[in-house]
Amino acid sequence: MGLFLLRRISVMILTALCLTFIVFFLTNLYPNLEKLAKSEGNFRMHEIEVATWLSNRGYRSPVDPELLRQFRAQEISRDEAAAQVNTGFDARLFRSYGEWLGVLPGHITQGADGKVRSRCFGEIASVDAIPEGQGRFCGVLQGDWGFSTVFKDEVGTIIATRLALTGKLMFWVMMLMVPSALILGVLAGMREGSTTDRALSTVAITTTATPEYVSGVIFIAVFTSSAVGLQWFNGSATQAMDNATFENFFLPVLTIALYGMGYIARMTRASMAEVMTAQYIRTARLKGVSFPNIVMKHALRNALIAPFTVIMLQFPWLLNGVVIVETLFNYKGFGWTLVQAAGNNDIELLLGVSVVSVIVVLVTQLISDIGYVYLNPRISVS
């Protein structure tokens with residue numbers, strides 16, 4: 001098992017590096033950086049000014065000094081200068097990734113304006129001004145996730161706060177969804193083709209086929225609107241961020257749980273029905289073992305192998321798939337933050353959210369593999 005874990009963790013680290021580099025590459029494409037420069041600097045900046053702004057802050061390679069001199073001396077026009085600016089692939093991308101990750105000392109850049117900027121210490125007089133003994137590595141590995149240009153706060157602080165809110169939502173969704181789905185699936189799969197099976201399968205298919213934004217709107221209209229009259233719950237979950245109660249938190253939980261519940265129930269039902277036709281189950285029946293004992297002692301464990309993997313896959317889905325529900329109920333969690341970061345081109349925050357998402361997906365996959373081995377002894381870890 002130790003070698004299995006070591007091998008899996010090594011693959012996880014390699015996968016995380018590949019995925020984070022892809023996200024870093026996409027978020028640092030020139031159009032995104034140009035939008036960042038204009039939003040943080042001046043929307044009227046020309047191409048050469050954008051390139052200078054980016055190179056001064058370490059996003060891109062320095063602009064050719066001769067090109068800058070000619071532009072400032074008005075020996076060439078703006079359009080001629082813009083034509084010579086590199087807006088394609090920049091070899092500094094790899095160094096920037098290492099600096100962002102924290103494996104390269106960096107974000108200490110002396111720009112064409114003569115100023116020295118450091119991610120760790122901000123704008124400083126010179127490189128020698130960095131205090132003695134202070135680290136020059138300031139990336140994700142050192143806990144420095146950058147600064148959000150939208151929320152004007154540290155990315156690490158924003159992610160921790162929003163992740164905790166979505167974690168609270170995920171906890172109650174899983175508490176409602178998993179037991180309900182397993183019970184429905186086991187009851188339907190015990191006697192395949194029976195009336196109970198058909199009724200529960202219809203419920204499961206209906207909930208899965210109904211998107212969250214449809215069920216959420218229906219719940220709000222029925223249970224919160226004065227038009228129907230059933231004003232049992234709050235239509236907004238904003239208050240649940242500080243003080244969650246049954247009235248302000250149940251509808252978003254129910255909306256997400258219903259969608260996932262049908263999928264898990266269908267998987268459990270199919271797995272249970274297959275196990276109930278196995279040879280050892282028939283043998284147990286012939287030996288006179290009671291039906292409840294057959295289900296609880298012989299069928300249930302094997303029937304849970306497939307649903308277990310599906311349940312573990314719900315965690316990354318919940319982390320990023322709650323965007324619609326969080327927006328619908330105005331619950332400002334992790335999914336809502338992802339939308340804000342992507343919509344406002346907040347590169348540092350988008351990178352931070354992506355890193356957390358990748359880690360959650362890989363960790364849940366590792367737990368799924370380990371659990372799969374324990375549930376099915378026929379699988380060898382060697």
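The values are calculated or read from the model by the stated rules, or taken from the named source; none is laboratory data. Quick caveat, the model's predicted, so the values are computed rather than measured. Reconstructed Cβ throughout: ideal geometry from the backbone, glycine too, with neighbour counts over all protein chains shown. The protein model used for the area step is the full one, side chains on, heavy atoms only, and it has no ligands, DNA or RNA in it. Shrake-Rupley method; radii C 1.70, N 1.55, O 1.52, S 1.80 Å.
Values as computed for the structure displayed
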| item | result |
| --- | --- |
| Qualifying positions in region 13-41 - under 20 Å from Lys152 (Cα atoms) and part of a helix (DSSP H, G or I) | Thr27, Asn32, Leu33, Glu34, Lys35, Leu36, Ala37, Lys38, Ser39, Glu40 |
| Test: Gln74 is open to solvent by 80 Å² or more (accessible area, probe 1.4 Å), in contact with a helix residue (DSSP H, G or I) (Cβ under 9 Å, 6 or more places away or on another chain) and of a type outside the set (D, E, K, R) | no |
| Selected residue [over 24 Å from Val150 (Cα atoms), open to solvent by less than 30 Å² (accessible area, probe 1.4 Å) and not acidic (Asp, Glu)] from Ala37, Ala16 | Ala16 |
| Residue within region 320-332 that is open to solvent by less than 40 Å² (accessible area, probe 1.4 Å) and among the aromatic types (Phe, Trp, Tyr) present | yes |
| Residue check, Gly335 at negative phi and either open to solvent by less than 40 Å² (accessible area, probe 1.4 Å) or at pLDDT 90 or above (or both) | yes |
| Some residue of region 19-29 being open to solvent by 60 Å² or more (accessible area, probe 1.4 Å), closer than 19 Å to Glu99 by Cβ and over 25 Å from the mean Cα position of the chain (by Cα) | no |
| Residue within region 275-290 that is in contact (Cβ under 8 Å) with a residue 60 or more places away in the chain and of a type in the set (Gly, Ala, Ser) present | no |
| So Leu319, is it in a helix (DSSP H, G or I), over 30 Å from Val214 (Cβ atoms) and within 29 Å of the chain's Cα centre (by Cα) | no |
| Enumeration of residues in region 77-91 that are open to solvent by less than 80 Å² (accessible area, probe 1.4 Å) and small (Gly, Ala, Ser) | Ser77, Ala81, Ala82, Gly88, Ala91 |
| Subset of region 145-180 that is out of contact with any Ser or Thr (no Cβ under 8 Å at 6 or more places or on another chain) and not in a helix (DSSP H, G or I) - its residue that is nearest to Thr268 (Cα to Cα) | Trp145 |
| Qualifying residue in region 186-196 (condition: basic (Lys, Arg), at negative phi, open to solvent by 80 Å² or more (accessible area, probe 1.4 Å) and not in a helix (DSSP H, G or I)) | yes |
| Test: Arg72 is more than 35 Å from the chain's Cα centre (by Cα) and modelled with pLDDT of 80 or more | yes |
| Members of region 58-80 that are within 17 Å of Lys115 (Cβ to Cβ) and part of a loop (DSSP other than H, G, I, E, B) | Gly58, Tyr59, Arg60, Pro62, Val63 |
| Top-ranked residue in region 205-221 [being farther than 16 Å from Gly235 by Cβ and within 26 Å of the chain's Cα centre (by Cα); ranked as surrounded by the most Cβ atoms within 10 Å (Cβ to Cβ)] | Thr207 |
| Verdict on Ser55 being under 34 Å from the mean Cα position of the chain (by Cα) and in a loop (DSSP other than H, G, I, E, B) | no |
| Residue count for region 52-69, restricted to those that are farther than 22 Å from Gly146 by Cβ and open to solvent by 50 Å² or more (accessible area, probe 1.4 Å) | 4 |
| Verdict on Glu49 being out of contact with any helix residue (DSSP H, G or I) (no Cβ under 9 Å at 6 or more places or on another chain) and surrounded by 18 or more Cβ atoms within 10 Å (Cβ to Cβ) | no |
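Results for (1) under 23 Å from Leu366 (Cα atoms); (2) crowded, with 20+ Cβ neighbours inside 10 Å, shown as yes or no for each residue.
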residue: Ser271; (1), (2): yes, yes
residue: Arg282; (1), (2): no, no
residue: Leu286; (1), (2): no, no
residue: Phe291; (1), (2): no, no
residue: Ala299; (1), (2): no, yes
residue: Ile305; (1), (2): yes, no
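Matching residues to (1) at pLDDT below 85; (2) surrounded by 15 or more Cβ atoms within 10 Å (Cβ to Cβ); (3) in contact with a helix residue (DSSP H, G or I) (Cβ under 7 Å, 6 or more places away or on another chain):
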residue: Glu348; (1), (2), (3): no, yes, yes
residue: Leu351; (1), (2), (3): no, yes, yes
residue: Val356; (1), (2), (3): no, yes, yes
residue: Leu366; (1), (2), (3): yes, yes, yes
residue: Asp369; (1), (2), (3): yes, yes, yes
residue: Tyr372; (1), (2), (3): yes, yes, yes
residue: Asn376; (1), (2), (3): yes, no, yes
residue: Ile379; (1), (2), (3): yes, no, yes
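Let's see how each residue does on (1) within 17 Å of Phe315 (Cα to Cα); (2) touching a residue at least 40 places away in the same chain (Cβ under 8 Å); (3) of a type outside the set (Gly, Ala, Ser):
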residue: Asp144; (1), (2), (3): no, yes, yes
residue: Thr157; (1), (2), (3): no, no, yes
residue: Thr161; (1), (2), (3): no, no, yes
residue: Trp172; (1), (2), (3): yes, yes, yes
residue: Met177; (1), (2), (3): yes, yes, yes
residue: Ala181; (1), (2), (3): yes, yes, no
residue: Leu184; (1), (2), (3): no, yes, yes
residue: Asp197; (1), (2), (3): no, yes, yes
